Every structure is written in C-alpha cells, then in structure tokens.
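Bear in mind that the values in this text are calculations on the coordinates, not laboratory data. As the structure is a computational prediction, the values presented were derived from the model and not from experiment. Using ideal geometry, Cβ is built from the backbone for each residue, glycine included, and neighbour counts are taken over all protein chains shown.
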Amino acid sequence: MFSDIGALEVVALVILAVLVFGPDKLPKVIRDVTQFIRKVREFSDSAKADIRKELGPEFKDFEFEDLNPRNFVRKQLLDNDELGLKEIRNGFDFKQEMSAVTDAVHGRDSGSSGASGSSGTPDRLRKRDGLEPGEAPPFDSDAT
C-alpha cells in the first residue's frame, strides 16, 4: 500500500503527527486508527464471505480481483487460449506487413528490391536529374 514512501517521508509524517496531536494524545490516536482499520477489514471479509455464500457452489473459484476490468480481460482473453488467440497473434509477421504497406504507398511491387528496371514501375524515391520532355512536374502534397 505504501511501497513508494521513503524513510524521509515517514519521518516527516511522524513529526507532523506529533505536532498535530501532541505526544500525549498520539498513542491513543494510533490505537483508534488501527482499531478502525481492523473493523473495516473485518467488515470487508464478512461481506465477501456472504457474497460467496449467496453465489453458490458454481462460483467457488470466483475472485473479487477479477472484477477489475484489466484483470478480467487478462484472465478471459490472454491467459485462456480456447479461442486460439495465441496462434493468431503468432501468425502475424509485422515486418512483412509493414514492408507491404510501405511498398504499396510508394507504388512498388512488394516483391521487388527497389530497382526501377526490374519491375517496370519507376522508383519514386530515387532523385532524377530532370524531367522528360512533356512530363508534368511531380506533385508534393506536403508542400501545398
């Protein structure tokens, strides 16, 4: 619960508690707070036990942590492979998919190595010296 509190913060909280409650009342305040926390835990445990009892034997493996949406999705989809999701996830080759998309955007065949003479389509990334006679200048959508 307090895993990110350092020693200096604990010392500052103790000094603040002594200043606020005083050294005489501080033990009674600590005792009251611990009793309150203990009662809240007992109430929570009894409520969980009542809910488990009311749900019946078909929910004997029910955990209240599963009500957290992140834990529910992790348990139902990621840990349970009844749907074959691991096989589908492992079947994707993202590098090949991205290279196919890149080639499609640049107007190249996905099997070509990028040379303009091999596939018959011009290499649009290669700088040209000039325009052919009658050829329109290239349109740059980012420049407009």
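Placing a pseudo-label 7 Å from each Cα along the Cα-to-Cβ vector at residue 71 and residue 35 gives an inter-label distance of 3.1 nm.
Is the shape of the range 1-78 best called rounded, prolate or oblate, per the rule: a/c under 1.5 gives rounded, else a/b larger than b/c gives prolate, else oblate, with a ≥ b ≥ c the square roots of the Cα gyration tensor eigenvalues? Oblate.
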